[in-house]
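J.: Quick one: the structure is below, and I'll ask about it shortly.
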Amino acid sequence: MTKEYDQHSQVAPHHSVRLPLVLWVDKDIPPVQAKQLANRLQAPMVWNKPSGHFLVLRMDSNGLALGLVGAELSRYMLQTNFDRMLPRLKSGGLNRELLIRAARIRHRQKTQPLLAVDATAGLGEDALLLAAVGFEVQLCEHNPIIAALLEDGLRRAKEQPELAAICGRMHLHAGNSIDFLQQLQIEPDLILLDPMFPPRQKSAKVKKKLQLLQMVEQPCPNEEALVQAALAARPRKLVIKRPRKGPPLAGISPSYSLTGKAIRFDCMLVRR
């Protein structure tokens with residue numbers, strides 16, 4: 001049964017979350033809907049802004065948003081809003097995206113739709129770019145909080161005429177990425193891996209969005225197993241997103257790389 005928050009109770013951190021998670025529900029949200037999400041996340045529900053030091057998942061008419069109460073991030077809320085990506089989806093700019101250049105599949109049958117797997121989907125922005133150029137994209141996100149944000153963002157985007165068709169090509173699965181790759185029934189054209197980057201020790205203040213993500217999502221604990229599962233799925237191409245000067249994931253050298261100002265895409269040609 002869903003727990004209600006008691007100021008004097010202790011709430012255990014949820015999975016990789018370093019702070020307790022509270023679901024803060026607007027009074028206009030149907031209680032059944034809120035309880036379903038609270039049960040899924042094993043999080044207590046509140047109807048007023050909690051006091052203390054918590055990660056808060058806000059649920060209101062604008063959708064789901066993740067924030068931090070009790071610190072300088074309290075005014076910042078993280079939400080999947082694909083409409084912010086619309087300027088990048090215009091044909092001219094889209095073809096200049098580094099990911100789209102890295103994802104190009106040569107010698108393909110143009111009568112068949114391209115199939116992509118984003119095995120570490122996060123908030124889904126890279127998958128949206130792939131879907132915008134015509135890929136059918138299977139997304140997998142292992143963290144239940146991030147998966148809930150992504151699911152909510154896809155739901156809202158499908159109600160917008162400019163995004164409905166694109167997001168209709170995006171199919172979300174919540175669960176372990178390695179298990180998902182091992183259970184694939186198809187050989188995709190493309191697999192994209194973008195595990196959380198380790199924090200930079202000497203960097204300037206990390207952007208607030210990344211700070212929140214790092215409180216929820218941890219760096220991949222087994223990089224080699226993730227890469228090997230992707231290779232075993234036999235895509236035509238494996239694309240791995242890395243920090244610009246970071247080492248190859250799991251130390252496996254790519255066939256070639258495309259490098260931008262802050263990131264790099266390592267590309268492996270697996271199946272010709």
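J.: Looking at the range 153-164, which of its residues are more than 17 Å from the chain's Cα centre (by Cα) and under 22 Å from Cys140 (Cβ atoms)?
T.: Listed by number, the residues that qualify are Lys158, Leu163.
J.: Consider Leu181 carefully, then state whether it is under 20 Å from Met268 (Cα atoms), in contact (Cβ under 8 Å) with a residue 24 or more places away in the chain and of a type in the set (A, V, I, L, M).
T.: Answer is yes for this residue.
J.: Here's another thing I want to ask about it. Does Leu192 count as in a strand (DSSP E or B), modelled with pLDDT of 95 or more and assigned by TED's automatic domain parsing to the domain that holds Pro113?
T.: So Leu192 fits the description; yes.
J.: When the range 238-272 is examined, which residues are found to be among the charged types (D, E, K, R) and in a strand (DSSP E or B)?
T.: Within the range 238-272, Lys241, Arg242, Arg264, Asp266 meet the criteria.
J.: So, one more: How about the range 59-143: which helices (runs of 4 or more DSSP H) wholly inside it have at least 2 residues that are assigned by TED's automatic domain parsing to the domain that holds Gly168 and touching a residue at least 24 places away in the same chain (Cβ under 8 Å)?
T.: Where helices (runs of 4 or more DSSP H) fall fully within the range 59-143 and carry at least 2 residues being assigned by TED's automatic domain parsing to the domain that holds Gly168 and touching a residue at least 24 places away in the same chain (Cβ under 8 Å), they are 98-102, 125-132.
J.: So the check is Cβ under 9 Å with 6+ separation or different chains; which pairs have a first residue in the range 35-56 that's on the phi < 0 side of the Ramachandran plot and polar (S, T, N, Q) and a second one that's in a strand (DSSP E or B) and buried (at least 21 other Cβ atoms within 10 Å of the Cβ)?
T.: What qualifies is Asn48/Trp24.
The values are calculated or read from the model by the stated rules, or taken from the named source; none is laboratory data. Note that this is a predicted model, so its numbers are computed, not measured. Here Cβ is always computed from backbone atoms with ideal geometry, including for glycine, and neighbour counts include all displayed protein chains.
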